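Accompanying notes for the structure given below.
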Amino acid sequence: MTDDAPCEPAPNVVAANDETIAAAARLLTAGELVAFPTETVYGLGGDGTNDRAVARIFEAKGRPRFNPLIVHFADADAARAQVAFDERADLLAARFWPGALTLVLPRRPGCTVSLLASAGLDSLAVRAPRHPVAQALLRACGQPIAAPSANASGKISPTTAAHVATSLGGKVAMILDGGRCTLGIESTVLDLTGEVPTLLRPGGVTMEQLADAIGRPTTPAASDSQAPKSPGLLASHYAPDLPLRLDVRDVQPGEGLLAFGARPITGAAAVENLSLSGDLTEAAANLFAMLRALDRPELAGIAVMPIPEHGLGQAINDRLRRAAAR
Ligand code: TXA
Ligand code: MG
């Protein structure tokens, strides 16, 4: 409790100990969200292998679009099961993990982490946090934990459990209080999917430390004059190869249909239904996997039924519009 806090602490804030960490792990396994401390900032965690849980992270943050999330592992070996490490990644993990460095690496073919955590991309951002509570939670849960900073969209990253409670209190099943984050700034994000390491976000591990380990990384602005300047837009966006038509009332010959709701349009060459019951969280959870399933050369295009523009529907429509506008 902070000294001058005027109101009661939110009921779902609990001091981190063996018992509460075990309870948090059970909640994660059941698909619930848990906020937990890392040495950088508090994370808003969900089971990274559960599409619905990852969709609920976006819902809780109120993000108007799907940015890829950082997925947390207890150690490098656990991360290696999901993404392909190269020599640079091995070296950096040996030197800085557990710690404030996030590596963007190619997803392995059998990667079980939700495609929504990658925002549909072939890459995944992975990190092994040092904080003992994060470590204990990862080991108790036994699954990768997807976790952006535990703040509502557009607000600053939280470094105490009280910040999380203010920002997201009612939207998470539990907030594990592990005290104030020691670093207080987010992890450094380094993209290793290309030949030249690219610094996507400066953070807890410095440019000098990286340069000392693998040579000086480039920055997106330096490597690509076309790169958008806003940090939120640095990651490239997934888009299918086939053309997309949005808000359709009918399908054209040979088109695949991305349906939504109980009454899918008939006559499509292939159909994927984002949510038969019209549930936007379920639709978000299915979005990227279903787009990929329909992105087949034998189809003429992908027709997308109207999706309501509220809640997660905004982020779904944002991504579909970007893909359609290419
Ligand atoms: O310190 C931290 O990194 C905290 C704690 C909780 O670990 N997490 C955090 O996550 O700040 P988030 O989601 O707020 O920031 C993730 C950053 C974004 O800038 C995102 O664009 C980038 O990582 N990112 C994630 N996956 C990516 C990918 N596949 N390709 C490119 N950039 C990616
Ligand atoms: Mg953030």
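Numbers below:
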quantity	calculated
Qualifying residue in the stretch 207-225 (condition: within 16 Å of ligand 2 (Cβ to nearest atom), buried (at least 19 other Cβ atoms within 10 Å of the Cβ) and at pLDDT below 95)	no
Test for V164: is it open to solvent by less than 60 Å² (accessible area, probe 1.4 Å) and either outside the structural domain of A35 (by TED's automatic domain parsing) or within 12 Å of ligand 1 (Cβ to nearest atom) (or both)	yes
Contacts under 8 angstrom Cβ, first residue in the stretch 135-160 being within 22 Å of Q314 (Cα to Cα), partner small (G, A, S) and more than 16 Å from ligand 2 (Cβ to nearest atom), 6 or more apart	A146/G48; A146/A53; A146/S114
Elements of type helices (runs of 4 or more DSSP H) in the stretch 38-152, at least 1 residues being farther than 26 Å from M207 by Cβ and open to solvent by 10 Å² or more (accessible area, probe 1.4 Å)	51-61, 76-80, 132-141
Of all residues in the stretch 287-297 being within 22 Å of D250 (Cα to Cα) and touching a strand residue (DSSP E or B) at 6+ places or on another chain (Cβ under 9 Å), the one that is most open to solvent (accessible area, probe 1.4 Å)	R296
Exclusive hit being within 16 Å of ligand 2 (Cβ to nearest atom) and either over 17 Å from the mean Cα position of the chain (by Cα) or touching a residue at least 12 places away in the same chain (Cβ under 8 Å) (or both), set N50, N67	N67
Scan of the stretch 178-193 for residues that are touching a residue at least 24 places away in the same chain (Cβ under 8 Å), surrounded by fewer than 22 Cβ atoms within 10 Å (Cβ to Cβ) and more than 16 Å from ligand 2 (Cβ to nearest atom), ordered by number	G179, T182, T193
Candidates L168, L192, L137, L91 - the one that is under 28 Å from P64 (Cα atoms) and modelled with pLDDT of 95 or more	L192
Residue count, the stretch 147-171 (criterion: away from ligand 2 (no atom under 13 Å from the Cβ) and within 16 Å of the chain's Cα centre (by Cα))	0
Leading residue by the ranking (farthest from K61 (Cα to Cα)) among those in the stretch 140-154 that are touching a helix residue (DSSP H, G or I) at 6+ places or on another chain (Cβ under 7 Å) and within 11 Å of ligand 1 (Cβ to nearest atom)	I145
Filter pass, A268 being buried (at least 22 other Cβ atoms within 10 Å of the Cβ), hydrophobic (A, V, I, L, M, F, W, C), at pLDDT 95 or above and not in a strand (DSSP E or B)	yes
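The values are calculated or read from the model by the stated rules, or taken from the named source; none is laboratory data. Computed from a predicted structure; not experimentally measured. Backbone-built Cβ (ideal geometry, glycine too); neighbour counts: all protein chains shown. Side chains are part of the model used for accessible areas, which takes the heavy atoms of the whole protein and leaves out ligands, DNA and RNA. Shrake-Rupley method; radii C 1.70, N 1.55, O 1.52, S 1.80 Å.
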